[in-house]
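Presented below is the structure to which this report refers.
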Amino acid sequence: MKRLFRIMVAAMLMTIPAIAFADEAPETKGFDPGSMIIGHVTDAHSWHMFDYVKDGKEHAVAIPLPVILVNDGNLDVFMSSKFHHGHADYKGYRLVGGGAEKEEVVCVDEAGNLTGQKPLDLSITKTSAAIIIAVIMLLVIVFIARNGYKKRPNQAPHGLQSLVEMLVVFVRDSIAKPMIGEKHYERYLPYILTLFFFIFFCNILGLIPFFPAGANITGNIAVTATLAIITFLITNISGNRHYWMDIFNTPGVPAWLKVFPLMPVVELVGVFTKPIVLMIRLFANMTAGHIVILGFIVIIFILSNLFGMAVGGAVSVVSVLFSVFISLLECLVAYIQAFVFTMLTALYIGMAVAEPHHAE
């Protein structure tokens, strides 16, 4: 167990560069609640920690991440700290956006003017880094549980092993078996377990407000879209003859609807809308929860700026209590969304591999 912990720490240190302090930034601007909220739930090229004001100037403390760009056949790799949090150009590139606007890298000429071109951005962003950290931590947890079985065979689970076994048995008996069926569930159980643990763990990490957690992984639609596409591919590749016959020759439908292919079109559209629903549901629920919590927090600063510190301090008690309540609710939502995504995935796969029941 100690060896695995050392491996986890070493891997995290290799993927996380040193904390970078920005150079002097322009004069401190007024508080923008919308920019602050959206900036916390969207992706970025650095892992922002906090800001501080010194000598009337705002400074940002952030962890730089690798920037990987392909432009006109040239590969450029450097750390995001070279942009000085968007206040400097580097190698003909500029980091623009952030906050309420999408953060992206654009090309500039020697005079600092925008060229209108954008490089192919393959950078390791905040979400990408958070996924790497989450996967490493999940692997460590799984290996700890596995070693527990090897060291204590045929004995009751102990410690972390108990939690992992409880969740594995729950997913197997409450999701995989009922939805896919006794005959086929073992074939798809590894994917179902991986899906549940990854989503649930990422949801929980997103609720912890400090590094190495705090990234809104499942609130990134690219992540949920990737998971939905994998489910879509597995479902339709696994689909048997009965599954495709039900789509293109739906039983119990009048013949004229088959000649005029209304129902096949509806069924075929349903094949593509199912993963879209998976993608949007997870993305929307997790993002909405973070926005609500941040909304309660920014109310304190808004009222402080409008009516003074006394009013802001009084409102802060209510805002913090509501934030804690929503955070506790989000813990439940983190589990529910992992369960729903996994259950629907198992249901779609079960529908694809189900065999028709013929009357004796």
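Normalised by the number of residues in the chain, the average gap of Cα pairs under 8 Å and 6 or more apart makes the relative contact order 16 percent. Legend: distances between Cα atoms for LYS91/LYS118; LYS150/LYS177; LYS54/LYS82; pairs beyond 23 Å are LYS150/LYS177.
Measuring r between the beta carbons of ILE229 and VAL169 and using R0 = 35 Å, the FRET efficiency lands at 0.75. If you plug the beta carbon distance of ILE221 and LYS91 into 1/(1 + (r/R0)^6) with R0 = 51 Å, you get a FRET efficiency near 0.95. Relative to the longest principal axis of the Cα atoms of the chain, the long axis of helix 309-353 makes an angle of roughly 30 degrees. Computed from Cα atoms, the angle from the helix 262-307 axis to the main principal axis of the chain rounds to 30 degrees.
Students often get this wrong: which residues of the stretch 324-345 have the backbone nitrogen under 15 Å from the point 7 angstrom along Cα-to-C-beta of ALA284? The answer is 337, 341, whose backbone nitrogens lie closer than 15 Å to the label point. Label-to-label distance for VAL266 and PHE248 is 2.0 nm, based on points extended 7 Å past Cα in the beta-carbon direction. Treating r as the C-beta distance of VAL277 and ASP55 and R0 as 45 Å, the FRET efficiency rounds to 0.30.
Peptides 32-39, 88-95, 281-288, ordered by how many other C-beta atoms sit within 10 Å of their residues on average, highest first, read 281-288, 88-95, 32-39. A 1.4 Å probe run over the protein chains yields, for the chain, 57 Å² of accessible area per residue, whole-number rounding. Only Cα pairs under 8 Å and 6+ residues apart enter the sum, and on that basis the relative contact order of the stretch 35-159 stands at 23 percent.
Which of the three applies to the chain, rounded, prolate or oblate, going by the alpha-carbon gyration tensor with a ≥ b ≥ c and a/c under 1.5 meaning rounded? Prolate, since a/c reaches 1.5 and a/b exceeds b/c. Between THR194 and PHE325, full extension at 0.36 nm per residue minus the direct alpha carbon distance yields a gain of 44.2 nm.
The values are calculated or read from the model by the stated rules, or taken from the named source; none is laboratory data. From a predicted model like this one, the values you see are computed outputs, not experimental measurements. Positions of Cβ are generated from backbone atoms using ideal geometry, with glycine treated the same way; all protein chains shown enter the neighbour counts. Heavy atoms of the whole protein, side chains included, go into the accessibility calculation; ligands, DNA and RNA do not. Shrake-Rupley method; radii C 1.70, N 1.55, O 1.52, S 1.80 Å.
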